[in-house]
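First the structure, in the form of structure tokens, and then the observations on it.
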Amino acid sequence: MKDATPQTIYLKNYRVPDFLIDNTDLVFDLHKDYCRVTSALTLRRNPDSQNQTAALTLNGGSGLDLQRIERDGQALSQEQYVRTEDALTISQMPDNCVITTEVLIKPHLNTTMMGLYKSRTLYCTQCEAEGFRNITFYLDRPDVMSEFTSKLIADRQQYPVLLSNGNAIEQGTVDDGRHYVVWHDPFKKPAYLFALVAGDLSVVEDTFTTQSGRDIRLQIFVEQKDLNKCDHAMLSLKNAMDWDEQTYGREYDLDRFMIVAVDDFNMGAMENKGLNIFNTSAVLANPQTTTDAAFQRVEGIVAHEYFHNWSGNRVTCRDWFQLSLKEGFTVYRDAQFSADMNSSVVKRIEDVVYLRTYQFAEDAGPMSHPVQPDSYMEINNFYTLTVYEKGAEVVGMIHALLGDKKFRQGSDLYFSRHDGQAVTIEEFVGAMEEVSGTDLQQFRRWYKQSGTPVVEVQSTYNAEAKTYSLTFTQSCPNTPGQSHKKPFIIPIKLGLVGADGQDLPLNSKGDQSIVHPLSQATETLVFENISEPPVPSLLRGFSAPVKLNYAYTSDQLAHLMTHDSDGFNRWDAGQTLCFCVLQQLIENQIAGRELVMDKQLTEVFASLLSDHSLDPAMVNLMLQLPSEAQLHERADIIHVQAIHRARQFARKSIAQALQEQLLHTYQRLTETEDYAPVSQQIARRALRNTVLGYLMQIDNIGVDLAWQQFNSANNMTDKAAALTALVNCPAAQDKAQQALQAFEQQYAEETLAINLWLQIQATNAQPDGLQRIKALMETSAFSINNPNKVRSLIGAFCASNPINFHELDGSGYQFLQQQIIQLNDLNPQVAARLVTPLTRWKKLPEPNRRLMRDALQQIANQDGLVKDVREIVTKSL
Ligand code: 0A1
Ligand code: ZN
């Protein structure tokens, strides 16, 4: 893994494997400080290989202590194979044979959370993308699909539960209080979908009857103390199973579906066949310890992993350049599901905010890459917002271009034609093209060209001819390794809003909204019989992942905010207005001019608060000023202080101007029903807490409310919001300290709640943030070995506390650099992800720019840098 000059892997160099593995028979003999892994691979030459005399090269990391190697039962001598740092090559291979290896590995010393490792008392695995090679020698690539049988042997008392993929086919006792279970998975799969779990786990069970009448046993395995936090995940799972049958015609295939919760996990969760392994943060939920946002995250991730059973497992990826084949499609599917379960407009707005803030930033930074990358050094660095979120947008655009019926036909064809295969993105697009007859040739550029396209729009109205024209000009900025991009197909969903607020008919059919697939660099659309100059409503529902610019007046924006028939664009008009106002304030702040709050925005907010007929969810979203992170993404040069101050000024001005309405709204929304994580309640709580945030800006008013809310809240959403409000309020620091202490005591045993407590403090914008972080790192609430804790404290501080992280003395950068170097040796993936805030150095003014670069350079100078970190640092410098 440690490599001075990591190799670059290219898509263009893809070759089919020389060998295939029909059967994989594994024995895991788990002991206190080692595990003996015996593997018998039934191999045959791949008839499609170009080289029919090729040697067999199995992947295998340096952590495999090889005890024995046999071919068809005959021990191989040292001359018959060559072992390198990451592979084992056997020459003179027959066309068919069984290769047996026996290795010893040390899961209890594995801090990387890849391969077989321990999370507290539990053994578990993570094999995607290339973790299986740390368990045994294998053809560890997704186009090698095999039928797995796995025998797990361990101490019965400590590890009463032994799980792997598929069905348990045999179990029994061996000597010395040990027992075993044999699992068989009838579906061929790549090694990245293998999983095993051994531990003392409790289980929550349920059943689901599929559309064809099969009863599926559903099990969620957790630590005993977490048994009261599984209901929401179970309900989400059943909803997801039902939804996938209704929406995509996909039925579950095995007799059992298992989820296991583990505390130490690098990501959210993993879709191992029949045995999903989840980060506890992505599965456990209980009103007392979990916020509404976390409830919704659980629902989304449970569904995501379940949906992978078809989009990822039954049909998998040929190679890792195709990652978005399963991830983009599955994110798209889980977003559709969440939209159907809750409010579709709210879900869309949340997703777009996320995309615009983080994916757009990634696409404009040094790690910018296409949805289908053409090269990588470390594949773990490509589980990105671009592959996931932009990939999902691309699938959504195909859906928009084809319409519901054809899209479903296309997915049906894709699943049936490629069931049991490892395929490419091309096969997915090809199926969509075939059923619809739509030519997607140019559309495919979305997979190959990186960067966020920009669409400039200009309008002209001809009163005499009664025509209204919109001229679209698209471009895409240069990105690393890519200049001179070709035009994309950009589906622009649009309408024209008349003076009376009604949508005008756009054509002879009377359509009030159309999807126009832009294909040229410049294009003009002309609408006829338009008797008055309309306000264009462009990119409705955010129909393409682009930056669209049109020079709206504030009156036009206000018109769209109240009248647009598209909920997303009503909200987006408000955001555009907010951006204009904030942009002006930021410029004035930088120039040292006096700040004056825009009257119109305040009035718009006032009318939002006074109209009780509006959906609280929408009001809440419309009252959100763009975050500092989003303002950073939009800025050419990030003036951290000016952005922070300007935004604070706007918040305070709004709060002062609307004090009474805010107070009234706060009181009006006091919840009387019992807590439930349902959309209506979530919206009311969100709005009330947004309002509380504003009220905190006015001396003395908010503090009492927040304190009272903190003490009386019957759910974590309100409790955490009150705590956040107190912590961030300069005038409430006494109470903030008391509340922090009370929270810590109350939730001492609740790891996830304590992580939230860490995160609230990490993002506290009060001065001296770094000192507080360092102090917290010394407490038992923190552990550098646990990824959730690293993310909650270090990650949140560096990515979401800009005013402290970007201190002018560079202390934030030095701190991060030290943490990355420490984590480099412990957990490469977590270390690499932490680098992101530093990669944006080119957008900061001096002295930050130089200081950030220095920090990156110091990381680069370290010996023994893992390739995960090396790749990101090198590309950033
Ligand atoms: N396939 C998973 C994400 C995932 C990727 C890599 C991992 O390794 C640490 C873990 C999980 C998903 O999309 O949910
Ligand atoms: Zn996924």
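The values are calculated or read from the model by the stated rules, or taken from the named source; none is laboratory data. Everything quoted here is computed from the prediction, not taken from an experiment. So basically every Cβ, Gly included, is an ideal-geometry build from the backbone, and we count neighbours across all protein chains shown. Each accessible area value is taken on the protein alone, full model and side chains, heavy atoms only, with ligands, DNA and RNA left out. Shrake-Rupley method; radii C 1.70, N 1.55, O 1.52, S 1.80 Å.
What's the center-to-center distance, using Cα atoms, between region 798-863 and region 190-247 in Å?
Cα centres, region 798-863 to region 190-247: 40 Å.
Largest first and in whole Å, what are the equivalent-ellipsoid semi-axes of region 97-168 based on the Cα gyration tensor, each being the root of 5 times an eigenvalue?
21, 16, 12
Using θ = phi - 60° and the Karplus curve 6.51 cos²θ - 1.76 cosθ + 1.60, what whole-Hz ³J(HN,Hα) does each residue of region 674-679 get, with Gly and Pro shown as x?
Karplus values, whole Hz, x for Gly and Pro: 5, 4, 8, x, 10, 3.
Which values of log₁₀ I(q)/I(0), to two decimal places, follow from the Debye formula for region 349-426 at q = 0.20, 0.25, 0.27 Å⁻¹ with a uniform point scatterer at every Cα?
-1.01, -1.16, -1.22
Strictly over 29 Å apart at the Cα level, which of Lys599/Lys719; Lys273/Lys774; Lys118/Lys867; Lys12/Lys390 would you flag in this model?
Over 29 Å Cα-Cα: Lys599/Lys719; Lys273/Lys774.
Would you please calculate the Kirkwood hydrodynamic radius of region 443-489 over all C-alpha pairs and express it in Å, rounded to one decimal?
12.6 Å
Using θ = phi - 60° and the Karplus curve 6.51 cos²θ - 1.76 cosθ + 1.60, what whole-Hz ³J(HN,Hα) does each residue of region 500-509 get, with Gly and Pro shown as x?
Each residue's phi maps through the Karplus curve to give 7, x, 8, 6, 7, x, 9, 7, 5, 6 Hz.
Each residue of region 682-693 in turn: what ³J(HN,Hα) in whole Hz from Karplus with 6.51, -1.76, 1.60 and θ = phi - 60°, glycine and Pro shown as x?
So the Karplus estimates, Gly and Pro as x, are 4, 5, 5, 5, 4, 5, 4, 6, 5, 4, 4, x Hz.
Listed highest first by mean packing, meaning other Cβ atoms within 10 Å per residue, what order do 828-838, 271-281, 800-810 come in?
Those peptides, ordered most packed to least, come out 271-281, 828-838, 800-810.
Classify region 6-69 from the C-alpha gyration tensor, please: rounded if a/c falls under 1.5, else prolate or oblate depending on whether a/b exceeds b/c.
Here region 6-69 falls in the oblate category.
Which value, in Å², gives the accessible area per residue of region 406-481 when a 1.4 Å probe is used on the protein heavy atoms?
Here the residues of region 406-481 average 44 Å² of exposed surface.
Could you tell me how far the Cα centroid of region 342-377 sits from the Cα centroid of region 553-583, in Å?
The two parts, judged by their Cα centres, are 22 Å apart.
Taking the Cα atoms only, what angle lies between the long axis of helix 599-610 and the longest principal axis of the chain, rounded to 10 degrees?
So the inclination is approximately 70 degrees.
Quote the relative contact order of region 706-864 in percent (integer), defining contacts as alpha-carbon pairs under 8 Å separated by 6+ residues.
So the answer I get is 15 percent.
Report, in degrees rounded to the nearest 10, the 0 to 90 angle that the Cα long axis of helix 751-762 makes with the longest principal axis of the chain.
Approximately 50 degrees, to the nearest 10.
Around Gln589, under 12 Å between beta carbons, what's the net of Lys plus Arg minus Asp minus Glu among the other residues?
The answer is +1.
Helix 404-418 versus the longest principal axis of the chain: what angle, 0 to 90°, nearest 10, using Cα atoms?
With both axes taken from Cα atoms, the answer is about 10 degrees.
From Cα coordinates alone, what are the radius of gyration and Dmax values for region 745-877 in angstrom?
According to the Cα coordinates of region 745-877, Rg and Dmax are 14.6, 45 Å.
Taking only Cα atoms of region 25-125, what ratio of Rg to Rh do you get with Rh as the Kirkwood inverse-distance radius?
1.02
With contacts defined as alpha carbon pairs under 8 Å and 6 or more residues apart, what's the relative contact order of region 807-877 in percent?
Contact order relative to length: 38 percent.
With all distinct Cα pairs included, what does the Kirkwood hydrodynamic radius of region 591-706 come out to in Å, to one decimal, could you say?
This gives a value of 15.4 Å.
Excluding residues on the same chain fewer than 8 positions from Lys32, give the aspartates and glutamates whose Cα lies under 13 Å from its Cα.
Answer for Lys32, where 13 Å is the Cα cut-off: Asp155, listed by chain and number.
Considering Cα pairs under 8 angstrom that are at least six residues apart, work out the relative contact order of the chain and quote it in whole percent.
About 9 percent, as a whole number.
Take the Cα radius of gyration of the chain and divide it by 2.2 N^0.38 Å, with N its residue count; two decimals is plenty.
After normalising by residue count via 2.2 N^0.38 Å, the value is 0.97.
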